[in-house]
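What follows is a set of notes on a single structure, which appears directly below.
The values are calculated or read from the model by the stated rules, or taken from the named source; none is laboratory data. Just so it is clear, the model here is predicted, and its values are computed rather than measured. Please note: Cβ atoms are built from the backbone with ideal geometry, for glycine as well, and neighbour counts cover all protein chains shown. Keep in mind that these areas ignore ligands, DNA and RNA; they rest on the heavy atoms of the full protein, side chains included. Shrake-Rupley method; radii C 1.70, N 1.55, O 1.52, S 1.80 Å.
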Amino acid sequence: MKSVAIIGAGITGLTAAFYLKRAGVPVTVYEAGGRVGGVIQSRRKDGFLAEFGPNTILETSPKIAQLIRDAGLESRRLNSDPKAGARFVVRYRRPIAMPSSPLGIFASELLSARAKFALLREPFVPPRRDGREESIAEFVVRRLNREFLDQMIDALVAGIYAGDPHKLSVQHAFPRLAELEARYGSLIKGQIFGARERTKRGEISKDRAPKFSFDEGLQVLPDALAAQLGDSVKLNTPVTKLTRTGGGWRVSTAINEAEFGAVIYCGTAYRLAELEIAGAPSIARQASMETHAEQCSALHAFSEIRYPPVASVVLGFRRGDVAHSCQGYGMLIPKIEGFKILGTIFSSALFPNRAPAGHVMLTSYVGGERYPELAVLPPDQLIETTLTDLRTLLGVKGKPVFTQTAVYPRAIPQYNVGYGKYRQLLADLEAAAPGVFFAGHFRDGVSLGDSMVSGVNIAERVAKLFPK
Ligand SMILES: Cc1cc2nc3c(=O)[nH]c(=O)nc-3n(C[C@H](O)[C@H](O)[C@H](O)COP(=O)(O)OP(=O)(O)OC[C@H]3O[C@@H](n4cnc5c(N)ncnc54)[C@H](O)[C@@H]3O)c2cc1C
């Protein structure tokens, strides 16, 4: 039987490879780097467990829990501490707990009376019907008001995308919000009436979805999947070219070439721009491009997708050196409040065993679209910048007893206004180069859960090409 090449050993590629192998389809996974997991990176040192990339998986689909069971990791799964449910948003230069119920918003000091009135008025704001794509900023100002944007949405967008609300597309980056308006005419009405339909479809909304990790951090998952794939995972082997052959696709790396029945690209958008796909002249036609040069530039278009840099700064303190309880998920910080960090996760409150007894571990993020120049500061300046903000916001005193930093020069793709062009191009490429598929964070959503589901779905699609 012909086998399948999978490009990229991030969570998408490993998930796809794991399920294809279980379906009896032989796989080879090519990974450019020297380790598996992609942006997932957990490191245990001095009794602290630092997560530099993602910290939690949101269980928004039953396919996520199924993958954990199938990978044999149920006993190592840790659900986040229910006491750590509270999220804080910074206002008046201090963290304020977000209300846990919709009615609680009206008693909260997070929003002014004017913003609360805007919330009451939202069900009566007519929906937009002209189909024009909007930024999340335009959408929120139109349906609510400017204060919602500056105080709440800006902070949320920094927390999810490290992005700019004036550039992110509501249709692509927050499709559920766009859908609620389109279907119910209002976010609030949609929230109420949509809940029943979500339950029927087996979906869980992001704000209610359980959050989890593993005893030794998220790296446990890619490591376990890679262990089951054995030596079919090839590290330090970037794929440079795909060439159509009589029966499938030849995959070229700097070291060798091999032929496969199908190829799944699960890398990043910016590296897709560097990949050559030869022998599929219809790519040009499909993408309305005629010459080979134009075909190359079809792939080159993916280099336009912004991935702003983000630095993770993980600091450990003695419990007595932090005035704030840090009981909760963490705090989000809107730009208007004038701090340099984008937000902080209260990592040691979320899961047990993240910090030695009597200590607190905090994971802060610097950079993003808000301050890209700060993400690339040297480690000592990143730590000092973070400490300055944490002293004001959480009452941190003294020096941290644990410090670790990591920089992602290209962290999270920005689904900005116009992103539909790239999604369309991926669909066109799949049609023009039969047997080549695309999956992962640049196509199916930027969260870890989205990438896992993307990997499950692409494996199901590709397995159908290889009937037993
Ligand atoms: C700092 C940070 C914090 C985050 N926090 C969270 C969070 O708390 N919760 C959450 O749900 N999500 C979070 N995310 C997002 C989430 O982690 C990612 O969307 C997800 O892990 C992406 O997985 P992936 O496999 O699609 O891509 P990646 O992890 O980027 O993996 C792609 C892999 O493909 C390889 N590759 C690329 N091109 C080639 C090639 N030509 N040949 C061979 N290999 C190639 C790369 O080396 C890489 O290993 C965060 C992301 C970052 C960066």
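Quick notes
- Full extension of the chain between LEU235 and ASP46 yields a length gain of 65.2 nm, computed as 0.36 nm times the residue separation minus the alpha carbon distance.
- Computed from backbone phi, the HN-Hα couplings of the range 404-421 come to 8, 10, 8, 10, 9, x, 9, 8, 10, x, 8, 7, 7, 3, x, 5, x, 4 Hz, rounded to whole numbers (Karplus: 6.51 cos²θ - 1.76 cosθ + 1.60, θ = phi - 60°; Gly and Pro given as x).
- Interchain or long-range residues, amide H under 5 Å from ILE96's placed H: VAL89, VAL90, ARG91
- Those lysines that a straight Cα-Cα span of less than 25 Å connects to LYS21, excepting residues fewer than 8 apart in one chain: LYS2, LYS63, LYS234, LYS241, LYS464, LYS468
- Amide H contacts of THR403 (H built 1.01 Å from N, in plane; Pro and chain starts excluded): GLY316 sit under 5 Å, all sequence-distant by 5 or more or on other chains.
- Each Lys and Arg Cβ is given +1 and each Asp and Glu Cβ -1; about its Cα centre, the range 312-389 then shows a dipole of about 280 debye.
- Using the Karplus relation 6.51 cos²θ - 1.76 cosθ + 1.60 with θ = phi - 60°, the per-residue 3J(HN,Hα) values for the range 221-234 come to 5, x, 4, 5, 5, 5, 4, 6, 8, x, 7, 7, 9, 10 Hz, with x marking Gly and Pro.
- Förster radius 30 Å - calculated FRET efficiency between ARG423 and LYS189, Cβ distance, rounded to 0.05: 0.60
- For LYS83, the lysines whose Cα falls under 23 Å of its own Cα, not counting residues fewer than eight places away in the same chain, are LYS206, LYS211.
- Ratio Rg/Rh [Cα only; Rh per Kirkwood] for the range 21-143: 1.09
- Computed from the alpha carbon atoms alone, the convex hull of the chain holds 149 Å³ per residue.
- Relative to the current alpha-carbon distance between ASN256 and PHE117, full extension at 0.36 nm per residue lengthens the span by 43.6 nm.
- Degrees between helix 175-184 axis and first principal axis of the chain (Cα, 0 to 90, nearest 10): 80
- Signed unit charges on C-beta, dipole axis of the range 1-124, positive-most listed residue ASN79, ALA23, PHE48: PHE48
- Estimated dipole of the range 353-436 in Debye, rounded to 20 [Cβ of Lys and Arg +1, of Asp and Glu -1, Cα centre]: 280
- Using alpha carbons only: equivalent-ellipsoid semi-axes of the range 93-250, gyration tensor based, whole Å: 39, 22, 17
- Potential lengthening between ARG76 and THR388 on full extension [0.36 nm per residue; Cα-Cα distance subtracted]: 108.7 nm
- Cross-link partners for LYS340 among the lysines, with Cα-Cα distance under 24 Å and sequence neighbours closer than 8 places in the same chain left out: LYS167, LYS397, LYS399.
- To put it simply, the accessible area of the chain at a 1.4 Å probe is 55 percent carbon and sulfur.
- Per residue, in Å², the accessible surface of the range 343-466 once ligands and nucleic acids are set aside, probe 1.4 Å: 36
- Estimated purely from DSSP H runs of n ≥ 4, each contributing -39500 (n - 2.57), the mean residue ellipticity at 222 nm for the chain is -9500 deg cm²/dmol once divided by its residues.
- Heavy-atom accessible area order for LYS399, LYS340, largest first, 1.4 Å probe: LYS399, LYS340
- Solvent-accessible heavy-atom area per residue, rounded to whole Å², over the range 41-144 at 1.4 Å: 52
- Short-range pairs are left out: with C-alpha atoms under 8 Å and at least six residues apart, the relative contact order of the chain is 26 percent.
- Between 0 and 90°, nearest 10: helix 379-394 axis offset from the chain longest Cα axis: 40
- A simple count of charges around LYS167, restricted to other residues whose Cβ falls under 14 Å of its Cβ and scoring Lys, Arg +1 and Asp, Glu -1, yields -4.
- For the range 35-47, 3J(HN,Hα) computed residue by residue from phi via the Karplus equation (6.51, -1.76, 1.60; θ = phi - 60°) reads 8, 9, x, x, 6, 6, 8, 10, 9, 8, 7, 6, x Hz, glycine and proline entered as x.
- Distant-in-sequence amide H partners of VAL29 (H built 1.01 Å from N, under 5 Å): ILE6, VAL233, LYS234
- For the chain, size of Cβ-based charge dipole, Lys and Arg +1, Asp and Glu -1, in debye: 1100
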